[in-house]
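Have a look at the structure below, then the notes.
The values are calculated or read from the model by the stated rules, or taken from the named source; none is laboratory data. The structure displayed is predicted, hence computed values, not measured ones. Virtual Cβ from ideal backbone geometry, glycine too; neighbours counted across all protein chains shown. With ligands, DNA and RNA removed, areas are computed over all heavy atoms of the protein, side chains included. Shrake-Rupley method; radii C 1.70, N 1.55, O 1.52, S 1.80 Å.
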Amino acid sequence: MTTERYNPRETEPRWQKVWDDTNLFECDTSADNEKPNYYVLEMFPYPSGRIHMGHVRNYTMGDVVARYKKAKGYEVLHPMGWDAFGMPAENAAMQNKTHPKGWTYDNIAAMRKQLKSMGLAIDWSREFATCDVDYYAQQQRLFLDFLKHDLVYRKNAKVNWDPVDMTVLANEQVIDGKGWRSGADVEQRELTQWFFKISDYSEELLGAIDTLNDWPAKVKLMQSNWIGRSRGARIKFPFVKSESVVEKELICFSTRPDTLYGASFMAIAAEHPITLELAKTNAKLQDFVQQCRKMGTSAADVEKAEKRGFDLGLTVAHPFIEGKELPVYAANFVLMDYGTGAIFGCPAHDQRDLDFARKYDLEVTSVVASLDEPDQPYSVENTAFIDDGILINSGPMSGLRKAEAIDKAIDVLAENNQAEEEINFRLRDWGISRQRYWGCPIPVVHCDTCGVVPEKYENLPIELPEDVTFDIPGNPLDRHPTWRNVACPSCGRPAKRETDTMDTFVDSSWYFARFVTPQNENPVDPKAANKWLPVDQYIGGIEHAILHLLYSRFFSRAMSVAGHMDISEPFKGLFTQGMVVHETYGNKDIGWFQPAELEIREDEGKRTAVRLDNGQEVPIGGIEKMSKSKRNTVDPDDIMQTYGADTARWFMLSDSPPERDVEWTDAGAEGAHRFVQRIWRLVQIWADTVASADLPSSDADISTLRKATHKTLKAIGEDIEKLSFNRAIARIYEFVNVLSGVKLETQDAPTVSAMREGLFVLIQVIAPMMPHLAEECWKALGNKTVVSAEGWPQFENSLAQDDLLVLPIQINGKKRAEIEVSPEATPSEIEDASLALDVVQKFLDGKSPKKVIVVPKRIVNVVI
RNA sequence: GCGGGCAUGGCGGAAUCGGUAGACGCAAGGGACUUAAAAUCCCUCGGCCUUAGUGCUGUCCGGGUUCAAGUCCCGGUGCCCGCACCA
């Protein structure tokens with residue numbers, strides 16, 4: 001028999017057209033649809049221009065779930081859209097003299113075509129981009145609703161300011177404290193900006209984490225820590241030496257009031273009102289404040305910077321120790337936006353305080369003893385002692401353990417009216433103002449008479465003007481006269497439109513809800529949203545573990561408060577997939593080379609990379625995340641042209657567990673492609689023979705082939721439910737090995753029937769992963785239907801179980817023998833049978849065992 | 001700096017709740033088929049050994065708990081992700 005090779009270039013577009021023509025993946029979200037519903041969503045892409053392998057991995061995983069759930073009888077919602085606002089479009093506009101809008105929609109068209117060639121089971125009728133006027137008009141409405149419900153306000157906040165380009169920079173655009181284009185030293189500037197009151201929901205967002213049973217534990221932990229609830233005391237320190245300062249006392253927040261007896265200094269933020277007041281008359285302090293402002297706004301920068309302080313010449317009285325005074329410093333490591341912007345320093349029991357104390361030669365008094373040596377204070381050199389311990393030399397707290405000492409300190413301070421207990425959260429309000437063009441305009445107007453006035457609902461949408469240029473840095477909206485100058489919605493007098501646009505995180509905080517009714521005249525249809533939300537399975541990168549997911553959780557609540565729906569948690573199940581990584585070639589001196597520009601040679605185990613254009617050798621570097629800067633990318637288009645979408649999909653699912661990084665290798669892709677051909681060959685060999693065969697009769701036919709079929713079917717269902725695609729794939733390999741082992745010459749009726757059943761099951765279980773190949777095989781096996789529309793086959797429990805189990809027998813924890821037992825055997829039966837074995841008798845040497853442990857269905861351990 | 005994660009053969013990984021470490025795949029070596037190559041099929045494949053044995057050893061390093069540890073606990077090392085204006 002001759003077999004022809006499978007040609008994905010011919011079959012894949014053909015089957016995609018069949019699915020498309022029959023609207024196979026369109027979802028019916030109407031209320032009268034009584035099928036159980038399932039919403040699977042992958043994080044939508046930013047339209048950068050081309051899809052990358054990370055997208056292929058992400059969307060393949062979601063596609064397997066979507067196709068599997070559809071086969072299981074669910075009405076499946078699996079949509080796609082574009083996170084289309086953002087900086088890269090403006091950067092492209094500046095570099096290539098394009099318009100952000102044209103650039104973005106061109107990119108969307110290109111990427112849509114690429115995604116479609118992957119054969120994804122997506123309902124494309126729901127597609128939208130966040131830069132579509134229809135979408136951001138609804139978002140402006142939500143903003144006005146939030147404003148009405150007191151969830152939005154204005155306050156001052158710092159931004160990175162490039163004094164040469166005269167523009168605000170994102171943290172990403174600040175490199176080593178300098179502007180990425182101008183190279184100028186970046187400064188901090190205060191601007192009045194819009195904020196969402198996410199911090200009102202701190203307690204709620206924290207508490208509800210417990211209900212997220214289908215989220216990874218690590219993401220829940222990261223969110224908990226991010227919200228950062230801490231109980232402590234707001235302590236008043238009366239000024240002793242205060243000179244020009246008006247305040248009578250300095251108020252600080254501390255989670256460790258138990259260590260007050262070890263306090264040796266006070267530190268306040270450079271932005272603290274007292275610091276700023278004193279700086280007015282003190283040039284050196286003014287200088288210090290300026291230095292702190294050059295630090296950059298990111299938390300990592302602040303905390304990595306060397307601890308620096310400025311003695312303000314003030315002192316405060318210690319609340320407990322009569323006559324003790326503490327000097328007050330301004331310090332660069334104290335954050336104005338956490339607590340009260342002031343701390344007391346206890347160097348012995350806080351590492352930052354210790355670093356600071358060592359630098360400025362301040363007293364270090366240890367007041368906590370370790371649990372091992374409870375009688376003497378822990379001796380501190382350059383490492384602060386922060387573990388649990390016993391308080392010592394600490395007045396009323398002496399002798400207490402950390403937790404009780406904290407309670408005691410708060411009680412005593414509160415009694416004397418020196419402090420109040422306070423719960424603090426690390427979570428800050430969400431600043432959404434961006435001084436940029438390519439975003440959703442904030443629908444408010446600034447009027448000299450009326451102040452800040454919300455736009456009227458009937459004036460929405462506030463559309464972005466298209467006649468803008470990007471030849472000079474800054475926000476073109478600021479210099480657009482006709483767009484900017486408007487009549488005040490309240491008094492009608494000349495006023496100015498807000499030119500800030502919204503953070504793109506706002507766009508991505510509710511798109512999942514819009515997909516349910518993408519054309520609705522309101523942001524969502526409450527009935528449909530309540531039926532379809534939360535998203536059953538959300539899949540995306542771990543890099544979104546905190547911000548995007550937390551903002552979306554806030555948004556669901558805010559939209560519910562505003563009456564749009566009644567949902568608190570947006571994502572029932574969450575899965576964070578790993579990255580696609582690749583070897584790098586080159587270095588920073590000679591530059592980096594793409595895998596496609598090189599040939600990898602292998603000589604006696606030694607690998608070298610050689611340039612295709614001039615034959616020069618290029619050093620092989622580490623395996624890193626695929627990125628434009630290292631050029632270690634593989635274009636999905638090339639792969640799909642060479643091997644087809646099914647091969648790319650299969651490779652992205654196999655080998656690595658989905659939550660871990662996967663390395664793209666040519667060998668792996670070739671291996672995946674060989675498997676595609678192997679299945680096609682197997683089906684061709686058997687197609688004619690099984691076409692006329694009956695399905696196996698249910699009576700006592702327990703061939704190993706049928707057992708393998710039903711065991712595989714059972715296991716793969718479980719694996720897909722758990723998103724363990726790599727394990728499902730290993731089982732498919734094993735199953736194909738079994739099927740390939742059956743010789744065509746063995747054409748007795750039961751074998752052919754079992755083979756027919758096995759091949760049908762094989763094609764149905766690979767269909768979610770390699771849908772085009774599956775369709776082609778399904779047809780070859782004589783089916784007139786499309787396999788993508790078929791139900792999921794049912795396994796027979798009796799066939800999916802083993803008749804006999806092989807148990808290992810250990811002697812003193814080392815495996816020495818095996819024993820076959822029935823699954824129903826009792827522990828004492830297993831024990832007796834095990835002890836009767838020759839091997840076991842030999843080791844026992846006439847003695848009786850000390851102990852025999854029998855773990856049913858697992859192991860026997862004989863302890864001698 | 002802070003928060004979170006990961007570490008198993010030459011490589012990716014498997015090992016359900018603490019119960020046979022290395023399933024499955026890739027690479028490599030040997031063989032079959034072929035004029036030859038590709039494709040395909042078969043075999044071997046963690047390390048060690050005067051004893052080739054249901055032998056010893058082995059899951060990043062050092063301790064510990066347990067009848068039993070890749071898995072749990074304590075202490076290290078290395079790498080990765082996030083840090084609020086990248087998306």
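Strands (runs of 3 or more DSSP E) fully within segment A:772-856 that include at least 3 residues being basic (Lys, Arg): A:814-821.
Listed here are the residues, each with its yes/no results for (1) more than 30 Å from A:Leu547 (Cβ to Cβ); (2) away from RNA strand B (no atom under 13 Å from the Cβ); (3) part of a loop (DSSP other than H, G, I, E, B).
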{"residue": "A:Ala357", "(1), (2), (3)": "yes, yes, no"}
{"residue": "A:Ser366", "(1), (2), (3)": "yes, yes, yes"}
{"residue": "A:Asp372", "(1), (2), (3)": "yes, no, yes"}
{"residue": "A:Gln376", "(1), (2), (3)": "yes, yes, yes"}
{"residue": "A:Ile406", "(1), (2), (3)": "yes, yes, no"}
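Residue check: A:Asp353 meets all listed conditions (1) open to solvent by 90 Å² or more (accessible area, probe 1.4 Å); (2) closer than 14 Å to A:Gly262 by Cβ; (3) outside any loop (DSSP other than H, G, I, E, B) but one, namely (1). Residues of segment A:256-263 include none that is within 16 Å of RNA strand B (Cβ to nearest atom) and within 29 Å of A:Leu549 (Cα to Cα). A:Gly232 fulfils the conditions (1) open to solvent by 10 Å² or more (accessible area, probe 1.4 Å); (2) closer than 23 Å to A:Phe385 by Cα; (3) modelled with pLDDT of 90 or more; (4) not β-branched (Val, Ile, Thr) except for a single criterion, (1). Is at least one residue of segment A:798-810 of a type in the set (A, V, I, L, M, F, W, C), more than 16 Å from RNA strand B (Cβ to nearest atom) and surrounded by 12 or more Cβ atoms within 10 Å (Cβ to Cβ)? The answer is yes, given that some residue of segment A:798-810 is of a type in the set (A, V, I, L, M, F, W, C), more than 16 Å from RNA strand B (Cβ to nearest atom) and surrounded by 12 or more Cβ atoms within 10 Å (Cβ to Cβ). Close Cβ contacts (under 9 Å, 6 or more residues apart or on different chains) running from residues in segment A:536-565 that are farther than 17 Å from A:Met579 by Cβ and part of a strand (DSSP E or B) to residues that are charged (D, E, K, R) and within 16 Å of RNA strand B (Cβ to nearest atom) comprise A:Asp536/A:Asp214; A:Gln537/A:Asp214; A:Tyr538/A:Glu42. In segment A:246-255, the qualifying residues are those that are part of a strand (DSSP E or B) and away from RNA strand B (no atom under 16 Å from the Cβ), and the one that is most open to solvent (accessible area, probe 1.4 Å) is A:Glu249.
For segment A:681-690, the count of residues that are open to solvent by 40 Å² or more (accessible area, probe 1.4 Å) and not in a helix (DSSP H, G or I) is zero. For A:Thr167, the criteria (1) in contact with a Pro (Cβ under 8 Å, 6 or more places away or on another chain); (2) more than 10 Å from RNA strand B (Cβ to nearest atom) hold in every case but one, which is (2). Highlighted here are the strands (runs of 3 or more DSSP E) found entirely within segment A:443-522 that include at least 3 residues which are within 20 Å of A:Val152 (Cα to Cα) and either open to solvent by less than 20 Å² (accessible area, probe 1.4 Å) or at pLDDT 95 or above (or both): A:444-447, A:451-454. Kindly indicate whether any position in segment A:151-173 is buried (at least 18 other Cβ atoms within 10 Å of the Cβ) and modelled with pLDDT of 95 or more. Scanning segment A:151-173, I find at least one residue that is buried (at least 18 other Cβ atoms within 10 Å of the Cβ) and modelled with pLDDT of 95 or more, so the answer is yes. The set of residues in segment A:7-43 being over 17 Å from A:Gly119 (Cα atoms) and open to solvent by 10 Å² or more (accessible area, probe 1.4 Å) consists of A:Asp28, A:Thr29, A:Ser30, A:Ala31, A:Asp32, A:Asn33, A:Glu34, A:Lys35, A:Pro36, A:Asn37, A:Tyr38, A:Met43. Does A:Glu776 satisfy the criteria of being under 30 Å from A:Ala645 (Cα atoms) and buried (at least 19 other Cβ atoms within 10 Å of the Cβ)? Answer is yes for this residue. The helices (runs of 4 or more DSSP H) located wholly in segment A:118-228 that include 2 or more residues which are over 22 Å from the mean Cα position of the chain (by Cα) occupy A:133-148. So is A:Ala110 of a type outside the set (D, E, K, R), more than 22 Å from A:Gly573 (Cα to Cα), assigned to a helix (DSSP H, G or I) and more than 15 Å from RNA strand B (Cβ to nearest atom) or not? So A:Ala110 fits the description; yes. Taking the stated definitions as given, is A:Thr98 β-branched (Val, Ile, Thr) and open to solvent by 10 Å² or more (accessible area, probe 1.4 Å)? Yes: the conditions hold for A:Thr98. Being touching a strand residue (DSSP E or B) at 6+ places or on another chain (Cβ under 9 Å) and over 30 Å from A:Glu190 (Cα atoms) is a condition met by no residue of segment A:328-343. Has segment A:229-245 got any residue that is free of Cβ contacts under 8 Å to residues at least 24 places away in the same chain, out of contact with any Cys (no Cβ under 8 Å at 6 or more places or on another chain) and within 14 Å of RNA strand B (Cβ to nearest atom)? Looking through segment A:229-245, none of the residues is free of Cβ contacts under 8 Å to residues at least 24 places away in the same chain, out of contact with any Cys (no Cβ under 8 Å at 6 or more places or on another chain) and within 14 Å of RNA strand B (Cβ to nearest atom).
Residues of segment A:534-550 that are open to solvent by 10 Å² or more (accessible area, probe 1.4 Å) and more than 16 Å from RNA strand B (Cβ to nearest atom): A:Pro534, A:Asp536, A:Gln537. Is there a residue being surrounded by fewer than 18 Cβ atoms within 10 Å (Cβ to Cβ), in contact (Cβ under 8 Å) with a residue 60 or more places away in the chain and either closer than 20 Å to A:Gly119 by Cβ or among the hydroxyl-bearing types (Ser, Thr, Tyr) (or both) anywhere in segment A:748-762? Within segment A:748-762 (the criterion being surrounded by fewer than 18 Cβ atoms within 10 Å (Cβ to Cβ), in contact (Cβ under 8 Å) with a residue 60 or more places away in the chain and either closer than 20 Å to A:Gly119 by Cβ or among the hydroxyl-bearing types (Ser, Thr, Tyr) (or both)), the answer is no, since none of the residues qualifies. For A:Tyr585, are the conditions met, namely being away from RNA strand B (no atom under 15 Å from the Cβ) and of a type in the set (Ser, Thr, Tyr)? Here the answer is yes, as A:Tyr585 does meet what is asked. Can you work out which of the residues in segment A:816-862 that are among the polar types (S, T, N, Q) and more than 8 Å from RNA strand B (Cβ to nearest atom) is surrounded by the most Cβ atoms within 10 Å (Cβ to Cβ)? That would be A:Ser834.
The set of residues in segment A:57-87 being surrounded by fewer than 22 Cβ atoms within 10 Å (Cβ to Cβ), at pLDDT 95 or above and within 14 Å of RNA strand B (Cβ to nearest atom) consists of A:Asp83 alone. Scanning segment A:210-223 for residues that are open to solvent by 10 Å² or more (accessible area, probe 1.4 Å) and within 13 Å of RNA strand B (Cβ to nearest atom) turns up A:Trp215, A:Pro216, A:Ala217, A:Lys218, A:Lys220, A:Leu221, A:Met222.
Being closer than 30 Å to A:Leu142 by Cα and not small (Gly, Ala, Ser): is that true of A:Arg358 here? When the stated conditions are applied, A:Arg358 does not pass them. Among the residues making up segment A:458-509, those that are farther than 30 Å from A:Glu569 by Cα and charged (D, E, K, R) are A:Glu458, A:Glu463, A:Glu466, A:Asp467, A:Asp471, A:Asp478, A:Arg479, A:Arg484, A:Arg493, A:Lys496, A:Arg497, A:Glu498. Just one of the listed residues (A:Trp180, A:Trp226, A:Trp194) is open to solvent by 20 Å² or more (accessible area, probe 1.4 Å), over 30 Å from A:Gly573 (Cα atoms), within 16 Å of RNA strand B (Cβ to nearest atom) and of a type in the set (Phe, Trp, Tyr), and it is A:Trp180.
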